[in-house]
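So that we are looking at the same thing, I have put the structure below in structure tokens.
The values are calculated or read from the model by the stated rules, or taken from the named source; none is laboratory data. What you see is a predicted model; the values in this text were computed from it and never measured. Backbone-built Cβ (ideal geometry, glycine too); neighbour counts: all protein chains shown. Side chains are part of the model used for accessible areas, which takes the heavy atoms of the whole protein and leaves out ligands, DNA and RNA. Shrake-Rupley method; radii C 1.70, N 1.55, O 1.52, S 1.80 Å.
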Amino acid sequence: MRLACCQHDIEPGAIEANVERALAAIATAADDGADLVCLPEIFSVGYFAFDEYERAAESLTGPTLARVADTARAHNVGVLAGSIVEDLAASTRDGFETPSESGLANTSVFFDRSGERRAIYRKHHLFGYESREAELLVPGDSLGLTAFDGFTIGTTTCYDLRFPELYREFVDAGATLILVPSAWPYPRVDHWRLLPRARAIENQLFVAACNGSGVFGETALCGRSAIYDPWGEISAQAGAGEHAADEPTIVTADIDPERVTSVREEFPALRDRR
């Protein structure tokens with residue numbers, strides 16, 4: 001399976017322009033042979049545009065996700081709609097099970113090749129350090145796995161990377177690939193390089209860390225999207241080609257579910273858990 005992480009530019013509050021960039025990136029990745037495309041965290045309005053969250057919030061049946069679903073269908077590609085700001089009250093009215101009947105959530109949605117919604121993940125761990133996320137949003141409480149092209153795919157979001165127990169839950173549920181849409185900023189570049197790689201190594205699965213690109217006042221996203229295999233080796237990363245590591249780019253790798261099986265058989269660390 002060919003996996004693509006779209007590290008596209010995100011302008012604070014520029015919803016239409018950001019969504020257009022995301023859709024264009026999906027199309028470009030699909031034209032390059034991608035089977036599955038991952039978008040960054042809060043790709044529509046920008047993670048650090050906290051004052052715009054209410055304006056950007058929509059139901060799971062809202063226009064942004066509908067356009068992503070249409071693009072997935074048109075290009076015959078699976079898409080993780082990295083995350084949007086979800087209006088939980090609107091989703092509840094539309095018949096979805098939600099962690100709260102009101103408020104906002106940081107929500108990712110997985111669409112298959114036909115544009116059908118297959119999984120929903122709401123960010124579990126809300127960031128409070130120099131961020132208003134914990135103040136503005138409701139945390140999620142379910143995993144939301146799905147099967148796709150031989151993989152069992154789970155999603156976590158950005159700050160979730162710092163909580164390894166969540167990834168053990170995914171392993172116990174059968175995950176072989178974790179997609180991690182993110183809005184990881186400078187200066188914590190070393191943490192961004194280390195944590196997804198550690199999660200891949202300790203859980204012996206693929207981890208695709210998909211960051212955005214862009215500047216929010218004094219805060220800049222560090223880019224450096226990367227795909228790690230179950231041995232922790234880098235399958236692909238931003239900055240390896242003509243673009244700087246924090247510039248817009250698409251990071252692509254061909255990955256095989258048999259790699260998960262072979263690593264777990266060769267080095268059966270998960271069997272030694274107590």
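Report the normalised scattering of the stretch 1-63 as log10 I(q)/I(0) at q = 0.13, 0.18, 0.22, 0.27 Å⁻¹, calculated by the Debye formula with identical scatterers on the alpha carbons.
For the stretch 1-63 at q = 0.13, 0.18, 0.22, 0.27 Å⁻¹, log10 I(q)/I(0) is -0.37, -0.66, -0.88, -1.10.
Here's a follow-up. Determine the share of the stretch 164-274's accessible area contributed by carbon and sulfur atoms, expressed in whole percent, with a 1.4 angstrom probe. List each step's numbers first, then the result.
Numbers: 2470 of 5210 Å².
Within the stretch 164-274, the accessible surface is 47 percent carbon and sulfur.
If you don't mind, there's one more thing I want to ask. In nm, what is the difference between 0.36 nm times the number of residues separating Thr28 and Arg93 and their Cα-Cα distance?
Values: separation 65, 0.36 × 65 = 23.40 nm, distance 3.49 nm.
Length difference between fully extended and current span is 19.9 nm.
Restricting attention to the stretch 132-206, which trypsin sites (Lys or Arg not before Pro) occupy a DSSP loop and are surrounded by at most 14 other Cβ atoms within 10 Å? Walk me through the intermediate numbers first.
Values: sites: Arg132, Arg162, Arg168, Arg188, Arg193, Arg197, Arg199; in loops: Arg132, Arg188.
Taking the stretch 132-206 and a limit of 14 other Cβ atoms within 10 Å, the loop trypsin sites (Lys or Arg not before Pro) found are Arg132, Arg188.
Let me ask something else about it. Would you pull out the residues with amide H under 5 Å of Asp246's amide H, same chain only if 5 or more places away, H placed 1.01 Å from N?
Arg224
So, one more: Over every pair of different alpha-carbon atoms in the stretch 28-182, take the mean of 1/r and invert it; report that Kirkwood radius in Å.
Radius from the Kirkwood sum: 15.6 Å.
Once all Cα-Cα distances of the stretch 172-274 are split into 10 Å bins that start at 0, what whole-number percent is in each one?
16, 44, 27, 11, 2
Obtain the nm distance between the two label points defined at Glu165 and Arg271 by a simple spin-label model: each point lies 7 Å from its Cα along the Cα-to-C-beta direction.
2.8 nm
Bin by bin, in steps of 10 Å, what percent of the Cα pairs in the stretch 109-192 do you find, going until the bin that has the longest distance?
16, 46, 29, 8
Carbon and sulfur atoms: what percent of the 1.4 Å accessible area of the stretch 1-84 do they account for? Intermediate results must be reported in sequence, preceding the final value.
Numbers: 1220 of 2630 Å².
Answer for the stretch 1-84 is 46 percent, counting heavy atoms of protein chains only.
Angle check, please: helix 15-31 long axis (alpha carbons) against the longest principal axis of the chain (alpha carbons), in degrees 0 to 90, nearest 10.
30 degrees
What is the Cα radius of gyration of the chain over 2.2 N^0.38 Å, N being its residue count?
Values: Rg = 17.0 Å, N = 274, 2.2 N^0.38 = 18.6 Å.
Here the Cα radius of gyration is 0.92 times the empirical estimate.
Within 10 Å of each candidate Cβ there may be at most 15 other Cβ atoms; applying that plus a DSSP loop requirement, which chymotrypsin sites (Phe, Trp or Tyr not before Pro) in the stretch 103-211 survive? Provide the component values of the computation, followed by the final result.
Numbers: sites: Phe110, Phe111, Tyr121, Phe127, Tyr129, Phe148, Phe151, Tyr159, Tyr167, Phe170, Trp192, Phe206; in loops: Phe127, Tyr129.
Here the sparse-neighbourhood loop sites are Tyr129.
Oh, and also: With every protein chain present, what is the per residue accessible area of the chain (1.4 Å probe, Å²)? Walk me through the numbers on the way to the answer.
Numbers: 11140 Å² over 274 residues.
For the chain, the solvent-accessible area averages 41 Å² per residue.
Just to confirm the filter: which GluC sites (Glu not before Pro) across the stretch 45-101 are DSSP coil and have at most 16 other Cβ within 10 angstrom of their Cβ? Mind showing how you got there, number by number?
Values: sites: Glu52, Glu54, Glu58, Glu86, Glu97, Glu101; in loops: Glu97, Glu101.
Passing sites in the stretch 45-101 are Glu97, Glu101.
Still on this model: For the stretch 64-86 and the stretch 2-48, what is the separation of their C-alpha centers, rounded to whole Å?
Between the Cα centre of the stretch 64-86 and that of the stretch 2-48, the gap is 10 Å.
Using the C-alpha gyration tensor of the stretch 114-251, what are the square roots of 5 times its eigenvalues, in whole angstrom, with the largest one first? Walk me through the numbers before you get to the answer.
On the way: eigenvalues 103, 76, 42 Å².
Sorted largest first and rounded, they come to 23, 20, 14 Å.
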